[in-house]
Structure formats: structure tokens, C-alpha cells
1. When you count, for each residue, the other Cβ atoms within 10 Å and take the mean per peptide, how do 128-136, 223-231 rank with the highest first?
2. Based on C-alpha coordinates, I'd like the Rg and Dmax of the range 52-157, in Å.
3. Run the reach check for Lys270 against aspartates and glutamates, Cα to Cα strictly under 18 Å, same-chain hits fewer than 8 apart removed. What comes back?
4. To make sure I understand, if each residue's beta carbon is the centre and we count other beta carbons within 10 Å, what order do Ser114, Ser278 fall in, fewest to most?
5. Listing Lys270, Lys238, Lys206 from the residue with the fewest other Cβ atoms within 10 Å to the one with the most, what is the order?
6. Rounded if a/c is under 1.5, else prolate if a/b is larger than b/c, else oblate: which is the range 5-49, with a ≥ b ≥ c the root eigenvalues of its Cα gyration tensor?
7. Can you list residues whose amide H is under 5 Å from Tyr125's amide H, if they're 5+ apart or on another chain and H is modeled 1.01 Å from N?
8. If you take the Cα atoms of the chain, find Rg, then find the Kirkwood Rh from the mean of 1/r over all pairs, what is Rg/Rh?
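Derivation of every value follows stated rules applied to the coordinates shown; laboratory data play no part. This is a predicted model, so every value here is computed, not measured. Neighbour counts are summed over all protein chains in view; Cβ atoms, including those assigned to glycine, are modelled from backbone coordinates with ideal geometry.
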Amino acid sequence: MGVSGGADSLALAIVAASLPTAFGAVIVDHGLQADSAQVAQQTAQTCRELGLAPVLVFRVSTSSDEASARAARYEQFEQALAQTGAQQLLLAHTRDDQAEQVLLGLLRGSGTRSLAGMPAERGPYRRPLLELTREQTEAICQDAAVEYWEDPSNADTSYRRNLIRHDVLPFLREQLGEHVSEALARTASLAAADAAALDLWAQEAKTAHGTKLEELARLPVAVASRVLRLAAIESGAKNVGHERTQALCALGGIGVPKSKSAGPVQLDGKISAFRRSSVIVFTSTGSTTHH
């Protein structure tokens, strides 16, 4: 399991240590605070005292922005899985984290996929605490007399997630009631189910007909746009978000007027999309891929 030293991950460690299954811990020191190495070692010691084994500590160098830190952290998680041969890695995200994620998704305006929040399961990762609140994880630590670390960067509201945590969600709870996080988490669960169904439909449609515009026109826009996004990803494009998906839809006239230009739509530095006759094709450096 990933353990940061905060209340959520230490609560997960406490609960896991009480189970008959053996669990280990992965601690990633991002080196972003002066005492981060000390915090990592103290967290490792706490995990050992709880009976977790092995306890792995990785130090990484990364910038302070959330995306870079997350990428570095997951890279170490993958290394830990490979090193130990473990099949799963537990993460300690709570219902409050899920509520924050849904609000971030709303701000991105990227549709059902972004509203779905964090999945309980994806690949080797599991999030068993999505039904618990942060208040409950703190109580677990207090009951077990385990001290947890308060990351000072979590108080910096220049980060959008922290602004939502400290200002937006408290305001919503004050105005609408304490059920706000629960309602947002439920929205994530419902959106995830809808997104999974649409993704499956899109995969089946792509397998049957590729990116033929005549066939895409027969599909609901939500499905046809997913077919194009899926085709782009399978061609090697990275980070095909809302704006690039919309550009692909315009190229094919999916839900919007067809663009006069037949392309290219630049998806990243290596992959481009074109409209050729009645098919959307994707090209990479030195090759053309039809879908």
C-alpha cells in the first residue's frame, strides 16, 4: 500500500495490519519539504511497528506541481510492484478526496469521464477507503494512538485542490448540509457506471466499423466521439482530452458542423488525424494508420 504518513494512509495501514493477509508499504519522499526525509523515515518506522513488511522508501526529485508529483509517485509504485511481485497496491483516497475530484472534473468540463472521479479499482490499484471520510480516518489513527503527519503544502490554497478542500467544500456544507461529499461521491459512482457502458459501446462499434464516418453518423454523439478518442489513443496519441476530442469530432462532423479542412488535427508531437474520403485516419511519423 502507498503510505504518505498522513491520517488517511496510516488509517489504511492500521486496518490492514489487523487483517490476516500480509501487507507491505511503499513510502515516496518527494523531497519538497526540508524535513521530508525525516517524515519518510518516521512513517517507515510506524509501518514496521504495525507489522507491515516489506517497507520500501523511495526518494524522488520532482517539481511541486500536483501532476509532476503524482507521476513521480506512481512511477515508484510501479517499481515497488515489480520489485516485490505484488499484484495489487492499495491507495488511501477517501470520500472527501472523491468529492474534491468530482468538483475538479466539473471545472475541467470534460464530461462523464471526468465526473467519474477515481475508480475503486483500475489495473493493480485499489481504493478501499472511498466510503470513509477524512474525519473517520483521523479517528482511526487517534484510537490506535498513531501520530500522523500534516503535510504543510495541503494548506496552500494556491493549489486548486486545496482551495476546494478548505474553501469550496466547507462553504457547500454550510449552505447545503453535511451530505455534500456523500452526494458528490455518489455522482462519481453513477457517472463511472455510465462512462463504462459508453466506453464498451464505443469499443464494440470501433471493432465492427472502425472510423468510417457513415457508421459514426449512426451512433449517438457520446459514443461516436469515444470511438474517435479510442482510435487516437490506439494510434499512439497521449492525453487525448476534451479539446482534442472535439477537434476530431469537427473533422468528422460528429455532433458539430464538419470542418472545411480535412486536417491535420495535431494530437501531439507524433500523431495527427486527417479526413480522407469517408474515413478518419491517423498518421504517425513515417506511417499511416487507418481505423
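1. Ranked by mean Cβ neighbours within 10 Å, highest first: 223-231, 128-136.
2. Cα-based Rg and Dmax for the range 52-157 come out at 15.5, 43 Å.
3. Result set, ordered by chain and number: Glu234, Glu243.
4. Listing Ser114, Ser278 from fewest to most nearby Cβ atoms yields Ser278, Ser114.
5. Lys238, Lys270, Lys206
6. Prolate.
7. Leu89
8. Here Rg/Rh amounts to 1.04.
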